[in-house]
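Working notes for the structure below.
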Amino acid sequence: MDFLYYRLELSCKNQVKAWFFLLFFLYLLYNCFVGDILREISVSVKEIVELIYGSGNISSAKNLMTRAQEGTEIHKYWQNQYKENDKKEVVCQILYETEDLVLEISGRIDGVLFENGQIFIEEIKSTHLDLDQLEIDTTPSHSAQAKVYAYIYLVTNNLKKINVVLTYIHVDDLKTKRFEKSYTKKQLETFYEKTINKYLDWQGKIVEHENYRQKSIIGLEFPFSEYRLNQREMMAYIYRNILNKGKLYLEAPTGIGKTIASLFAGLKAINKPRQKIFYNTAKNDGKKVVIDTIKLLEEKGLVAKSIEITAKDSMCFLEKRDCDPEVCKYANGYYSRVFKTIDDVYSNESLLTKEVIKKYAKKHTVCPFELSLDLSNYADLIVCDYNYVFDPIAHLIRYFEDNRYSPILLCDESHNLVDRSRNMYSSSLNESLFSKALEVSRYLKPDPSYEINQILEVFSAARVSLLEVDFVRQAEVNPTLLLFLRKLSVKLDKIFSDEKIKFERQELQDFYFEVVRFLKIYDFFNDEFVYVLERYEEDIIISIKCLNASSFINDTIDNYCEAATFFSATLSPMFYYKSLITSNLGEDISLISDFKQSNLLLLAIDDVSTRYKDRDNSIGKIVEATKALVNGKKGNYILFFPSYAYLNKLEGILLEEIENVNFISQKRNMFSQERENMMNLFSEDSDVSQVFLFVMGGIFGESIDLIGDLLSGVLIVGVGLPAIAPFNNILKSHYDLSFNNGFDYAYTYPGLNKVIQAVGRVIRTKTDRGVALLLDDRFTSRKYLKLYPKSWSHLSVINDMKELGKMIKDFWSDENEIIN
């Protein structure tokens, strides 16, 4: 209630607005306490029968991306043979009413056939299986679908009996196998009632939960006794944006409580059945914060089903992932067991973390990753990576190619989305990948050797183009490459339809997915893409690279989402992120922090250049600045460098020049355990200062919380510009045409984000104190000064290293006086 009253206070400059929000509040109350008397649910026949009568395996070919198109073509082929009076793709619909629910069941009948005065309802299914292995009940959901269609048609047309035909068509040779059976109205009615009652039993649990959920949301109070500065404003902006079905950018500083504010506002805005919140974050650490926040809200009375979706490899029970049902018992018979598993989880759990999902998956012998996706159908809050929403191939089809759900999007750390979205709409193929596939191709049926060799010829031509350079942009995607990739994908699909294939199955499937991804990305190819050839060591890489994915992000939001809020502590400059995420559409708000500026000693050393040609001359200044940091106070410090080369250049010199200090350096391609061990060093007691040498924008450049004495200061070496490289120069040229400001869009703004993120490691709470040194002459240029966050308005310049040392010691002396 307090949140709603504040919302009224914030928005109501006139009585009309006040009445609007009061009426909306009453609408929510009605839905929670009265509206649950009669609820309407729309569902397809296919959804019902696949849930109730599901069977079969998760095959390694299950997710092959050509199957849907293949099925469509088979249907068209068969329907084209219908007689003139036969009907195809017949829409059917029926209502099933109970005391408190109206079920709207719909579907599309493949064929209604008329022969010798009889009516036949035909369901067509394409298959790769041997037709001799098929019986009418091999896949129970297929015959169930046909029978439910038959019942709906029979009732709608007031018939007493009808015939059902289940037709299987083999994909390779188009041979058919048909099962025909005649049913009376009573027989179909009995089957229909049994099916719908089973489905309603399940829906009853969902409706009961959603009623409790809505009531709990209405009564949910903010879990803390006090709001942080601007925290209520942030909630109000998000809440209003969801009601307005809009797009909102919120730059919210560290410490404002972004996670609880966004979740609380999002939950308060839920106002209809099946509505979901997608909380997107780029890092696993970010997901942990969200999960902990949901736990807190549950302790305060929230009733909700929340799920964490994690990458397939991290969920897999096998030492090496292999989805072949003869290898993986969790894939074998998955669909026969999954509904029982879902029911068990739904009845006993509310917060479905990775560990909880794996526990139930192990109990019921089902694939934990596929289980997490199926459980998400019945979750209110889904915590996942951006790619499950925005990636054109990895996105969850059930939500982002179907507009029934209209999820609410909360995108945390959304400064990452510029680069991530471009990568989502890019694809690369390596010559070495095809060479490896060629080695095993002769063992496969049908043999794809010819197609692979033709593609390798394209790579050979690319190698010639790259004899004297490492990077070439070409005007269009090679048509020969596309032709043989398409032919190869067809053959590979046939290969994987043979469940007996064992030889390098998983590796070949990964190869196949890369082929299909490239073809899929090509479908989007326009002026926002480039086709490039690259040489990396001995390998040749052919890529389609996206330069600006904002139109695709926009389409996803406009077509499938209720609203989207993008928030981060670093969205400066705002116009840059808006331009490259949602084509400059949406509102934007920047909130200020209640952290005292005096807690951060922010200094620029601007009499030195860290540009590539000047780096040798910068070494002395970096060493002296590091000495000033560690001599000011014993503690933990981070030196952020723009590259590993720069870091490695300084590592040995720092060891020689500065005594009684432990230097710890980030290495390339560190394993997760190595990263965890390095982070643990911050918490260990040390007799001397520890100085960590990290790369800006890397795994330690953001999303690490080092509170209190865990971090005393940082030295930022350089302005963080991405390397001057061919692709970045292509971005520059493209952004010159799009925004008339190519260099800043390709280099300045991405670099500045890394700098702001690095400085943000120092102050994580209101009581934290620390030092941040910015070392480069560009930091005090007019261009950069205009781009800094408002909280950096106290930035000072200091170039005398003795004076720097004194200022740092005085800063820490002031802390001691405050404590004493």
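The values are calculated or read from the model by the stated rules, or taken from the named source; none is laboratory data. As the structure is a computational prediction, the values presented were derived from the model and not from experiment. Note that each Cβ is placed from the backbone with ideal geometry, even for glycine, and that neighbours are counted across all protein chains shown. Only protein heavy atoms, including side chains, enter the accessible area calculation; ligands, DNA and RNA are left aside. Shrake-Rupley method; radii C 1.70, N 1.55, O 1.52, S 1.80 Å.
Pop the C-beta distance of residue 588 and residue 786 into the FRET formula with R0 = 22 Å and round what comes out to the nearest 0.05.
The computed FRET efficiency comes out at 0.85.
Kindly report, to the nearest 10 Å², the accessible surface of residue 176 as traced by a 1.4 Å probe over protein heavy atoms only.
60
For the range 678-718, with every protein chain kept in place, what is the accessible area per residue (1.4 Å probe, Å²)?
34
At a threshold of 8 angstrom on Cα-Cα distance, excluding pairs fewer than six apart, so keeping six or more, what relative contact order does the range 125-213 reach in percent?
Numbers: 85 pairs, mean separation 25.3, N = 89.
Computed value for the range 125-213: 28 percent relative contact order.
Say the dipole of the range 468-597 comes from +1 at the beta carbon of Lys and Arg and -1 at that of Asp and Glu; which of 495, 580, 548 then lies farthest toward its positive end?
The one lying farthest along the dipole's positive direction is 495.
Largest first, how would 776, 130 line up by accessible area (1.4 Å probe)? The partial results should precede the final answer.
Values: 776 0, 130 75 Å².
The most accessible residue leads, giving 130, 776.
Work from the charge dipole of the range 91-247 (Cβ charges, +1 for Lys and Arg, -1 for Asp and Glu, about the Cα centre) and give the residue of 155, 133, 168 farthest towards its positive end.
155
What GluC sites (Glu not before Pro) does the range 149-249 have in DSSP loop regions with at most 15 other beta carbons within 10 Å?
Passing both the DSSP loop test and the Cβ count: 221, 226.
At a Förster distance of 56 Å, what's the computed FRET efficiency of residue 72 paired with residue 224, Cβ-Cβ distance as r, to 0.05? Walk me through the numbers on the way to the answer.
Values: r = 53 Å, r/R0 = 0.95.
After rounding, the FRET efficiency stands at 0.60.
Rank 525, 513, 428 by how far each Cα sits towards the positive end of the charge dipole of the range 411-558 (+1 on Lys, Arg Cβ; -1 on Asp, Glu Cβ) and give me just the farthest.
513
Sequence gap at least 6, Cα distance under 8 Å: using those rules, report the relative contact order of the range 623-692 to the nearest whole percent.
Contact order relative to length: 51 percent.
Which order, highest average first, do 466-474, 511-519 follow once you tally other Cβ atoms within 10 Å for each residue and take the mean per peptide?
511-519, 466-474
Per residue of the chain, what 222 nm ellipticity follows from adding -39500 (n - 2.57) for every DSSP H run with n ≥ 4, rounded to the nearest 500? Intermediate results must be reported in sequence, preceding the final value.
Working: 29 runs with 372 residues, N = 820.
Computed mean residue ellipticity for the chain: -14500 deg cm²/dmol.
What whole number of Å gives the distance from the Cα centroid of the range 687-703 to the Cα centroid of the range 603-672?
About 10 Å separates the Cα centre of the range 603-672 from the one of the range 687-703.
Using only alpha carbon pairs under 8 Å that are at least six residues apart, calculate the relative contact order of the chain and give it in whole percent.
That works out to 12 percent.
Per 0.36 nm of contour for each residue apart, how much would the distance between residue 344 and residue 79 grow if the chain were fully extended, relative to their Cα-Cα spacing? If you can, show how the numbers build up before the last one.
Details: separation 265, 0.36 × 265 = 95.40 nm, distance 4.14 nm.
Residue separation times 0.36 nm, minus the Cα-Cα distance, leaves 91.3 nm.
Less than 14 Å Cβ to Cβ from residue 186, Lys/Arg counted +1 and Asp/Glu -1: what total charge do the surrounding residues give?
Details: positive: 147, 160, 161, 185, 194; negative: 189, 193.
Summing Lys and Arg as +1 and Asp and Glu as -1 gives +3.
Can you list the trypsin sites (Lys or Arg not before Pro) in the range 130-200 that are in a DSSP coil and have 11 or fewer other beta carbons within 10 angstrom?
160, 175
What is the sum of charges, Lys and Arg at +1 and Asp and Glu at -1, for the other residues whose Cβ falls under 11 Å from the Cβ of residue 658?
Once all neighbours under 11 Å are counted, the net charge is -3.
Structure shown: which of 320/487; 258/295; 215/268; 491/520; 312/667 lie over 19 Å apart, alpha-carbon to alpha-carbon?
Distance filter (> 19 Å) returns 320/487; 312/667.
Which lysines have a Cα less than 28 Å from the Cα of residue 783, not counting those fewer than 8 places away in the same chain?
Within the straight-line cut-off, residue 783 pairs with 578, 596, 613, 621, 732, 754.
Of 329/359; 276/340; 186/340, which ones are farther than 19 Å apart at the Cα? Provide the component values of the computation, followed by the final result.
Numbers: 329/359 15 Å; 276/340 23 Å; 186/340 29 Å.
Among 329/359; 276/340; 186/340, the Cα-Cα distance tops 19 Å for 276/340; 186/340.
Please report how far the C-alpha centroid of the range 191-210 lies from that of the range 755-820, rounded to the nearest whole angstrom.
Cα centroid of the range 191-210 versus Cα centroid of the range 755-820: 61 Å apart.
About the Cα centre of the chain, how large is the charge dipole given +1 on each Lys and Arg Cβ and -1 on each Asp and Glu Cβ? Please answer in debye to the nearest 20.
Working: 101 positive and 115 negative charges, 258 e Å.
Value, rounded to 20: 1240 debye.
Using the per-residue mean of other Cβ atoms lying within 10 Å as a proxy for protection, in what order, highest first, do the peptides 534-545, 690-701 fall?
Packing proxy ranking, top to bottom: 690-701, 534-545.
For helix 334-348, report the angle its Cα long axis makes with the longest principal axis of the Cα atoms of the chain; keep it between 0 and 90° and round to the nearest 10°.
Taking the Cα atoms of the chain, the angle to 334-348 is about 60 degrees.
Percent of Cα-Cα pairs more than 13 Å apart in the range 426-475, please.
Working: 784 of 1225 pairs.
Result for the distance tail: 64 percent.
So how much accessible area does residue 346 have, in Å² to the nearest 10, using a 1.4 Å probe?
Using a 1.4 Å probe on the heavy atoms, I get roughly 20 Å².
At 1.4 Å probe size, with the rest of the protein present, what percent of the exposed accessible area of the chain is carbon and sulfur atoms? Don't jump to the answer; show the numbers that get you there.
On the way: 17900 of 36760 Å².
About 49 percent, which is the carbon plus sulfur part of the accessible surface.
With a Cα-only, solvent-free Debye model of the chain, what are the log10 I(q)/I(0) values at q = 0.06, 0.07, 0.11 Å⁻¹?
Listed by q, the Debye log ratios stand at -0.48, -0.65, -1.41.
Using the Cα centre as the reference, give the magnitude of the dipole from point charges on the C-beta atoms of the range 419-545 (Lys, Arg: +1; Asp, Glu: -1; all else neutral), rounded to the nearest 20 debye.
Rounded to the nearest 20 debye, it is 480 debye.
Using a 1.4 Å probe and ignoring any ligands, DNA or RNA, find the accessible area of residue 674 and quote it in Å² to the nearest 10.
Accessible surface of residue 674 is approximately 90 Å².
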